[in-house]
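Engineer: What follows is a structure written as structure tokens; I'll ask about it next.
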Amino acid sequence: MKIKHVRIHVLKSPLRDPFAFSQGWVAARSATLIEVETDNGIVGWGEAFAQGLEAPEIAAAVIEHSLKPLIIGEDPRDTEILWHRMYNRTRDFGRKGTVLAAISAVDIALWDLVGKHYGVPISQLLGGRFRESVQPYATGFYRLKGAGEEERLSEEALNHFDFGFRAMKVKLGFGLQDDVRVIRAIGRVLEGKNVELMVDTNHAYGRAEALRLGFVLDEYQMRWYEEPVIPEDIEGYVELRSKLKTPIAGGENEHSVYGFSKLTKSRAVDIAQPDIGSCGGISALRHIAALCQAEGIEVNPHVWGSAIAQAASLQVIAALPVCHHSIFAREPILEYDRSSHPFRNDLVENPMQIGPNGRVDIPSGPGLGVSVVRDTIKKFS
Ligand code: CA
């Protein structure tokens, strides 16, 4: 079995109502998808993470010009060999960012291919499924205007609750005073409802402001405080961890086992959040999970991509061991982005959804367990 074709699809759709997170206004949703086909006609799908402000053409160019020549003619079952080949041959201009996202897309497609070849889900290839379903948490609370939206955002919290969510992540980082008003308003409407809260500032602040916000967050029993400072400021993470009660999370802007080893060595996070479409794919996430397990750091993947990245995340979550074992151990939870994404649900025949029990079932079909709808790809290409 040899890799014969690599096809790249850049998908985009402008949003009718642009929304903001702390780093900017998102005016379009986009995705960089790839399909890898073998000489015996099996096709595997992958996706490179396209952050809301990122041009999906960057990952497409890396795949086309730098990675495709490294995998054509090779056996897709050599996932580990090909991962190291791609990483080593791009090291001098890669290691982080979109080059790693491009490697992720190829790697996910290879794992999908191998699963389809053997007729088993990727989770089986990874050693088996610890769980058949996962609790979703709502990622939302983006801004439509900017500051002063606490009333609308607390209504949004009730909306997530009515939809069945019992865990939610609030986007902050819009100025300290506004953040505090928002979190207090949301805290009030959810009081007594047994909802687990998380907060994400997308590294909006320096250490002093991040700490002041953290002291307010400490009044609530939050599951985590995400990206409190810029990813480069590892000492800042360490300082916040030492001064706050709320567990510190981060890692969506970190890459590969080399990058995560900096976080684990310095004990910068309580919860590591590699994004499967960005950290280097399933192979890299497996390295990172082993590293974190050894260091007693929880892994909870980040996901904000389209249906393919979501499917890949589900497969990895199925195969993730709990970090701190007990009979009531804390299981990983699934990031369920509630922001506008015009083509996510139409991209596969069986999009991810929340069941009547409030949980998301993990597909058990071969590979990623999803079937791609080509008409949707055509429509948004
Ligand atoms: Ca985040």
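Engineer: At Glu295 and Ile72, where each label point lies 7 Å from the Cα along Cα→Cβ, what is the point-to-point distance in nanometres?
Structural biologist: So the label points at Glu295 and Ile72 sit 3.9 nm apart.
Engineer: When Lys and Arg each count +1 and Asp and Glu each count -1, what net charge do the other residues less than 13 Å away from Ala204, Cβ to Cβ, add up to?
Structural biologist: Numbers: positive: Arg143, Lys171, Arg207, Arg212; negative: Asp178, Asp179, Asp200, Glu209, Glu226, Glu227, Asp233.
Within the 13 Å Cβ shell, the charges total -3.
Engineer: Could you please state, rounded to a whole Å, how far the C-alpha centre of region 318-358 is from the C-alpha centre of region 75-116?
Structural biologist: About 24 Å separates the Cα centre of region 318-358 from the one of region 75-116.
Engineer: Report the local net charge at Lys116: Lys and Arg +1, Asp and Glu -1, summed over other residues whose C-beta lies under 13 Å from its C-beta.
Structural biologist: -2
Engineer: For region 1-134, what is the largest minus smallest coordinate of the Cα atoms on each principal axis, given in angstrom and ordered from greatest to least?
Structural biologist: 45, 39, 26
Engineer: Now for a different question. Please report the relative contact order for region 124-369, taking Cα pairs under 8 Å with a sequence separation of at least 6, and give it as a percent rounded to a whole number.
Structural biologist: Working: 435 pairs, mean separation 52.0, N = 246.
Across region 124-369, relative contact order equals 21 percent.
Engineer: Okay, moving on. Taking amide H atoms as placed 1.01 Å from N in the peptide plane, list the residues 5 or more away in sequence, or in a different chain, whose amide H sits under 5 Å from that of Gly367.
Structural biologist: Gly115, Lys116, Val120, Ile122
Engineer: Once you keep just the Cα pairs under 8 angstrom separated by 6 or more residues, what percentage relative contact order results for region 275-364? Could you put the intermediate results ahead of the total?
Structural biologist: Numbers: 87 pairs, mean separation 24.9, N = 90.
Once divided by the residue count of region 275-364, the mean separation gives 28 percent.
Engineer: Quote the convex hull volume per residue of the chain, based on C-alpha atoms, as a whole number of Å³.
Structural biologist: Numbers: hull volume 48.6 nm³, N = 381.
With only Cα atoms used, the chain gives 127 Å³ per residue.
Engineer: Let me ask you something else. Through the Karplus equation 6.51 cos²θ - 1.76 cosθ + 1.60, θ set to phi - 60°, convert the phi angles of region 165-171 into ³J(HN,Hα) values in whole Hz; use x for Gly and Pro.
Structural biologist: Karplus values, whole Hz, x for Gly and Pro: 6, 10, 8, 9, 10, 9, 7.
Engineer: Follow-up question, since we're still on this one. Can you list the lysines whose alpha carbon is less than 25 Å from that of Lys2, not counting same-chain residues fewer than 8 positions off?
Structural biologist: Lys68, Lys116
Engineer: Whole Å is fine, so just give me how far the alpha carbon centre of region 273-287 lies from that of region 8-27.
Structural biologist: Cα centroid to Cα centroid, the span is 23 Å.
Engineer: Per 10 Å bin, what percent of the C-alpha pairs of region 115-192 does each bin hold, from zero upward?
Structural biologist: All Cα pairs considered, the percentages come to 17, 37, 17, 15, 14, 1.
Engineer: For region 87-168, which GluC sites (Glu not before Pro) are both in a DSSP coil and crowded by at most 16 other Cβ atoms within 10 Å? The partial results should precede the final answer.
Structural biologist: On the way: sites: Glu132, Glu149, Glu150, Glu151, Glu155, Glu156; in loops: Glu132, Glu149.
Hits after loop and neighbour filter: Glu132.
Engineer: Holding the Cα-Cα limit at 30 Å, pick out from Lys4/Lys265; Lys169/Lys262; Lys145/Lys245; Lys12/Lys265; Lys193/Lys379; Lys96/Lys193 the pairs that are longer than that.
Structural biologist: Values: Lys4/Lys265 41 Å; Lys169/Lys262 26 Å; Lys145/Lys245 32 Å; Lys12/Lys265 39 Å; Lys193/Lys379 42 Å; Lys96/Lys193 40 Å.
Pairs exceeding 30 Å: Lys4/Lys265; Lys145/Lys245; Lys12/Lys265; Lys193/Lys379; Lys96/Lys193.
Engineer: With a probe of 1.4 Å, find how much accessible area the chain has per residue, and write the answer as a whole number in Å².
Structural biologist: Values: 15120 Å² over 381 residues.
Solvent-accessible surface per residue comes out at 40 Å².
Engineer: Also: Counting only DSSP beta bridges with both residues in the chain, tell me the antiparallel percent, nearest 5.
Structural biologist: Numbers: 25 of 48 bridges.
So the antiparallel bridges amount to about 50 percent of the total.
Engineer: Further question: For region 43-101, state what percent of all Cα-Cα pairs lands in each successive 10 Å bin, counting from 0 Å until the bin that includes the largest distance.
Structural biologist: 21, 55, 23, 2
The values are calculated or read from the model by the stated rules, or taken from the named source; none is laboratory data. In this text the structure is predicted, and so the values were computed from the model without any measurement. Ideal geometry is used to build each Cβ from the backbone, glycine not excepted, and the neighbour counts take in all protein chains shown. Calculation scope for accessible area: heavy atoms of the full protein, side chains included, ligands and nucleic acids excluded. Shrake-Rupley method; radii C 1.70, N 1.55, O 1.52, S 1.80 Å.
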